[in-house]
Amino acid sequence: MRSKSHFQEWIVQCVFVVLAALAPFARAQQADSPAAKTQKNAENPPLRPTANPSATASPEQLQMNPQELERLTKAADKVLNRIQSEENDLYLRLNYFEKPDRLNPNSYASKEEIAQWRGILQQFKEKHDLVTKLYADVGKDLDSELRNAGGNEEIVARFKKIIIGGFPWSTIEKKKNLIADFIDEHARLLAFYEKNWGAWTGTSDSNKAEFTSASAANIYKRLRLQILNTSQEIEKEYKEMSE
C-alpha cells in the first residue's frame with residue numbers, strides 16, 4: 001500500500017507553490033511602508049489615481065502583509081488537507097479490495113459474508129463519489145475559504161489559479177475512471193460468487209480454484225484478470241500523482 005506521506009508531500013508542494021508565487025505580495029507590502037513611501041515620493045511625484053486602481057494592477061502589485069499571506073495560506077491548506085484525508089481513506093479502502101482473498105472464492109465462508117462485502121464495496125463507492133466531488137468543487141471551496149479568511153477578489157483569484165493549476169488533472173481523471181471500473185468489476189465478481197455459490201473447489205490460492213462448470217471457470221478467470229489489470233493501472237496513476 002502506498003504510504004500516506006506521498007499524499008502529504010503532494011499537498012505540501014501545493015502550499016509551497018502558493019507561498020513562492022505570492023511572495024511578491026509581501027514584498028510589495030514592505031515596499032509600501034510609510035518610510036519607503038516617503039523616500040519614493042521625494043524622488044518621483046505621485047501619479048494620478050485611476051477610477052479603479054485594482055482593476056489594472058498585476059497580481060505582483062497587490063498588497064498583502066505576511067499575516068494576511070499566512071491566514072490565506074492556512075485557508076487554502078484547509079481545502080487541500082480535506083482532499084488529502086479523503087484520498088488516503090479512499091486508497092485504504094481500495095487496498096482492502098486489492099488483497100488476494102477478495103479474488104479467492106474459497107475465502108468466503110457463506111453467502112452472508114458475500115453480502116457483507118457488497119456493503120463494504122458500497123461504502124468504497126460512496127467514498128469514491130465524495131473524493132470525485134471534492135475535486136470537482138475545489139475551486140468553489142477555495143473561493144469560500146479564502147473569502148472567509150479576508151481575501152479580496154484579486155487575491156482569491158490568484159490563489160485559486162496557482163493551486164488549481166498545480167493539480168495533475170489528467171491523472172486525477174484517469175484515476176477516477178479506473179476506480180469506477182474497479183468497483184463495477186468487483187460488484188460483478190461478488191454477484192458471480194453469489195449466483196454460483198458452492199460451484200468451486202480448491203485451496204487458499206485463488207489461482208488454484210476449480211469450478212464444476214467450464215462456463216463459470218471462464219467467467220471467473222475473465223473477471224479476475226480484469227480486476228488485476230485495473231488495479232495495476234490505478235497504482236500507476238497514484239504513482240503519477242505522488243511524483
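What FRET efficiency comes out for residue 118 versus residue 140 if R0 is 35 angstrom and r is the Cβ-Cβ distance? Round to the nearest 0.05.
Details: r = 33 Å, r/R0 = 0.95.
The calculated FRET efficiency here is 0.55.
Heavy atoms only, 1.4 Å probe, whole protein assembly: order 212, 230 by accessible area, highest first.
Details: 212 120, 230 15 Å².
Sorted by accessible area, descending: 212, 230.
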Does region 178-238 come out rounded, prolate or oblate, given a ≥ b ≥ c as the square roots of the eigenvalues of its C-alpha gyration tensor, rounded meaning a/c under 1.5 and, failing that, prolate meaning a/b above b/c?
-> prolate
In nm, what is the difference between 0.36 nm times the number of residues separating residue 188 and residue 232 and their Cα-Cα distance?
-> 14.0 nm
Straight-distance crosslink candidates among aspartates and glutamates, where the alpha carbon sits under 17 Å from residue 125 and sequence neighbours closer than 8 are dropped = 86, 87, 89, 98, 173, 181, 184, 185
Pairs 174/236; 111/133; 111/175: which exceed 22 Å Cα-Cα?
-> 111/133; 111/175
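On full extension of the chain, what length is gained from residue 109 through residue 199, given 0.36 nm per residue of separation minus the C-alpha to C-alpha distance?
On the way: separation 90, 0.36 × 90 = 32.40 nm, distance 1.34 nm.
Roughly 31.1 nm would be gained on extension.
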Whole-percent tail of the Cα-Cα distance distribution for region 89-233, cut at 28 Å, equals 37
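Multiplying the sequence separation of residue 213 and residue 239 by 0.36 nm and subtracting their Cα-Cα distance, what value in nm do you get? Could you put the intermediate results ahead of the total?
Numbers: separation 26, 0.36 × 26 = 9.36 nm, distance 3.92 nm.
My answer for the length gained is 5.4 nm.
The values are calculated or read from the model by the stated rules, or taken from the named source; none is laboratory data. In this text, all values refer to a predicted model and were calculated from it rather than measured experimentally. Note that we place each Cβ from the backbone using ideal geometry, even for glycine, and neighbour counts take in every protein chain shown. Note: areas computed on protein heavy atoms with side chains; ligands, DNA, RNA excluded. Shrake-Rupley method; radii C 1.70, N 1.55, O 1.52, S 1.80 Å.
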